[in-house]
Amino acid sequence: MRKRHQPATAMRPLFAALALSLLLSSHIQAQDEKLDMATIQKIRQEGLQDSHVMDIAFHLTDASGDRLTASPGFMRAANYARQQLQQWGLTNATLDPWGEFGKGWELQKSYVALTAPYYKPLIAFPKAWCGGTDGLKSASVLLISAADSAGLDRYKGQLAGKILILDVDQTYQQSFKPDATRYTDDQLDSMSKVVMKPVDTAEMRRRRAAFNRGAAAVLNILKRMATEEGAIAVLSQTPRGHDGTLFVQGGGVYAAGSPANFLDIVIAMEDYMTIVRLLKAGTPVTLETEVKTAFHSDDTKGYNVIAEIEGTDKKLKDEVVMLGGHLDSWHSATGATDNAAGCTVMMEAIRILKTLGIKPRRTIRIALWSGEEEGLLGSRGYVKKTFADPATMQLLPAHQTFDAYFNIDNGTGKVRGIYLQGNEACRNIFTQWLQPFHDLGATTVTISNTGGTDHQSFDAVGLPGFQFIQDEIEYSTRTHHTNMDSYDHLREDDLRQIATIVAAFVYNAAQRDEKLPRKELPAPRPAGRGGF
């Protein structure tokens, strides 16, 4: 039988009931977490419409230069951040020493060119903490064909005055994938349904051992031989670098009192393979190079930037909610996506809260870390002296009053959700906190761990530490640790979105009646039993 169409007047009570049901459901869910939607709306307005992110990013990148830990560029950025946080009205703004780091280093001049069989300037960048050439040098290039240390023996006595290059068999393969991608709905849905699996530490050890036995080991032995015999430099390239993109990191130790590392120059894959092909064809190759570097050892401590918005609730003001990212970078660019982006949005989140005149119940503390690229050193040092040492798990009083730490360090891509880092008890809480931002694309809560950045320092001593899920915008393909990681690769709309969501998360944590749930305390982790 055909259903009769109900008149509009008859439908109105049904719509009203449905609307009321949805409103009550929303209200009950909001009540569960006591979400202050009026304040969240103000945060959205300030963060999305009146943002300062690009001005902050400019000062951390173009105005400061590269930010290698303990370098002049890092100190320029750190002092800017401290002064800006102070101007916004934060208290206890300081450069906080976390422990011994080592020598600072800066590149003062770099020139590398092919001069025979013809002239061609090369795309090149020395690795950090390497020495220089002591003036302009012209030298022939020696091709080293060796798969292991035994294969290097036949080159003994031939390295003096030479520039060295390892023979590699590499063919460039074009990629038909875009450099920048966003998570699809299906990918995010899969992330939300992930089930925790134990980490295969044995497999991790096997991978490290294989790496140490391979090309890296040969290169390190070759550098020792080169130093002893008086070679000028060794040339390196990275397999995933192409189209003039160089992946450049450290060239060796940086401990105070250690000698300068042998000069290791990363050159573009296309230039590297040109030289290899010429030499294998029997064509002599000559390079001209001048590299000047400087070491700074007057102060070998490492410093983090720390500042606070003090809590106002008599019972909760001594509890602390933290947000942060690492301020240090590698040196071949200005570290825009890794990780000026993270520091920019955390500073902007704090600016939003101060601009709105918010008086948090708990203290909100921002931290911009140093030494992250060398092994999470700044955050590990801070956690060890403030909360607990993961080697002993002897807890300090501040461990009890700590609430949570929120981190950004996956580039310029907008937030799509948050990693629980195995803390299932926070799932429902974060699901509710994300609801006001579904229209901005932030929807997903996943139980997964994500590694490689400073939230792990907190997690390692049983404190809630979280990293947000971010879209991959050129991060692994083009900007992460490369000479392309500049201000131009930042996406303003994405940074505005990140800062807005982080500000809301920090505000929610600061206002909540109870601290966020914690996982069980981990067992002590003495040196030699893995790491972060």
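Quick note: the coordinates plus some simple rules give every number you see, no bench work behind them. Nothing here was measured: the structure is a model prediction, and the numbers come from that model. All Cβ positions, even for glycine, are placed from backbone atoms using ideal geometry, and neighbour counts span all protein chains on display.
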message: If you wrap a convex hull around the alpha carbons of the range 21-158, what volume per residue comes out, as a whole number of Å³?
response: 339 Å³
message: Semi-axes of the equivalent ellipsoid for the range 363-489, please: Cα gyration tensor eigenvalues, times 5, square-rooted, ordered largest first, whole Å.
response: 26, 21, 12
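By how many nm would the segment from Arg154 to Val195 grow when fully extended, if each residue of separation counts as 0.36 nm and the alpha-carbon distance is taken off?
On the way: separation 41, 0.36 × 41 = 14.76 nm, distance 5.27 nm.
Taking 0.36 nm per residue and subtracting the Cα distance, the gain is 9.5 nm.
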- line: In nm, the gap between the two label points placed 7 Å beyond Cα toward Cβ at Asp298 and Asp62 is 3.0 nm
message: Explain nothing, just compute: Karplus ³J(HN,Hα) = 6.51 cos²θ - 1.76 cosθ + 1.60, θ = phi - 60°, for every residue of the range 68-74 in order, whole Hz, x for Gly and Pro.
response: 4, 3, 6, 8, x, x, 4
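Exposed loop sites here are GluC sites (Glu not before Pro) in DSSP loop states with at most 10 other C-beta atoms within 10 Å. What is the longest stretch of the chain lacking them? Show your work: numbers first, answer last.
Working: sites that count: Glu514, Glu520.
With GluC sites (Glu not before Pro) excluded where exposed in loops, the chain gives 1-513 as its longest stretch.
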- line: Label model pair Ala255, Thr283: point-to-point distance (7 angstrom along the Cα→beta-carbon line) in nm is 4.5 nm
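So if I average 1/r over every pair of distinct C-alpha atoms in the chain and take the inverse, what Kirkwood radius in Å does that give?
Numbers: mean 1/r = 0.0394 Å⁻¹.
Across the chain, the inverse of the average 1/r is 25.4 Å.
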- prompt: Which whole-number percent gives the relative contact order of the chain, counting Cα pairs below 8 Å spaced six or more residues apart?
  reply: 22 percent
query: What nm value, rounded to one decimal, do you get for the distance between Gln170 and Ala425 when each label is placed 7 Å out toward the C-beta?
result: 4.8 nm
task: Give me the aspartates and glutamates in straight-line cross-link reach of Lys103: C-alpha distance below 12 Å, same-chain residues under 8 apart excluded.
output: Asp298, Asp299
- request: In whole Hz, with x marking every Gly and Pro, tabulate ³J(HN,Hα) for the range 141-149 from phi via Karplus 6.51 cos²θ - 1.76 cosθ + 1.60, θ = phi - 60°.
  value: 9, 9, 7, 9, 10, 8, 8, 7, 5
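Relative contact order for the range 387-455: what is it in percent, counting Cα pairs under 8 Å that are at least 6 residues apart?
On the way: 64 pairs, mean separation 22.3, N = 69.
Dividing the mean separation by the residue count of the range 387-455 yields 32 percent.
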query: So how do 340-347, 447-454, 394-401, 122-129 stack up, highest first, on mean other-Cβ count within 10 Å?
result: 340-347, 122-129, 447-454, 394-401
- line: Length gained, Ile221-Thr115, 0.36 nm per residue minus C-alpha separation, equals 35.4 nm
- request: Multiply the residue separation of Gln86 and Ser138 by 0.36 nm, subtract the distance between their alpha-carbon atoms, and state the gained length in nm to one decimal.
  value: 13.6 nm
field: For His480, residues with placed amide H under 5 Å, excluding near neighbours
entry: none
query: Can you count the Lys pairs in the range 104-296 with C-alpha separation below 21 Å, eight or more apart or on different chains?
result: 22
- request: Please compute the net charge surrounding Thr115, taking Lys and Arg as +1 and Asp and Glu as -1 over other residues with Cβ under 14 Å from its Cβ.
  value: -1
task: Within the range 291-386, list the trypsin sites (Lys or Arg not before Pro) lying in a DSSP loop whose Cβ has at most 14 other Cβ atoms in a 10 Å radius.
output: Lys314, Lys315
query: Which whole-percent values make up P(r) of the range 104-296 when all C-alpha to C-alpha distances are grouped in 5 Å steps starting at zero?
result: 1, 7, 13, 16, 18, 14, 10, 7, 5, 4, 3, 1, 0
Overall Cα dimensions of the range 416-528, principal axis frame, Å, largest first: 43, 42, 21
- prompt: What's the local net charge at Gln87, with K and R +1, D and E -1, over the other residues with C-beta under 15 Å away?
  reply: 0
- request: Calculate one ³J(HN,Hα) per residue across the range 379-395 by plugging θ = phi - 60° into the Karplus curve 6.51 cos²θ - 1.76 cosθ + 1.60, and present them in order as whole Hz with x for glycine and proline.
  value: 5, 4, x, 5, 4, 4, 7, 9, 10, 5, 9, x, 6, 10, 6, 7, 7
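Step through the table entries Lys384/Lys515; Lys42/Lys315; Lys301/Lys414; Lys315/Lys354; Lys354/Lys385; Lys42/Lys317, compare each Cα-Cα distance with 32 Å, and write down the pairs that go over it.
Long pairs (Cα-Cα over 32 Å): Lys301/Lys414.
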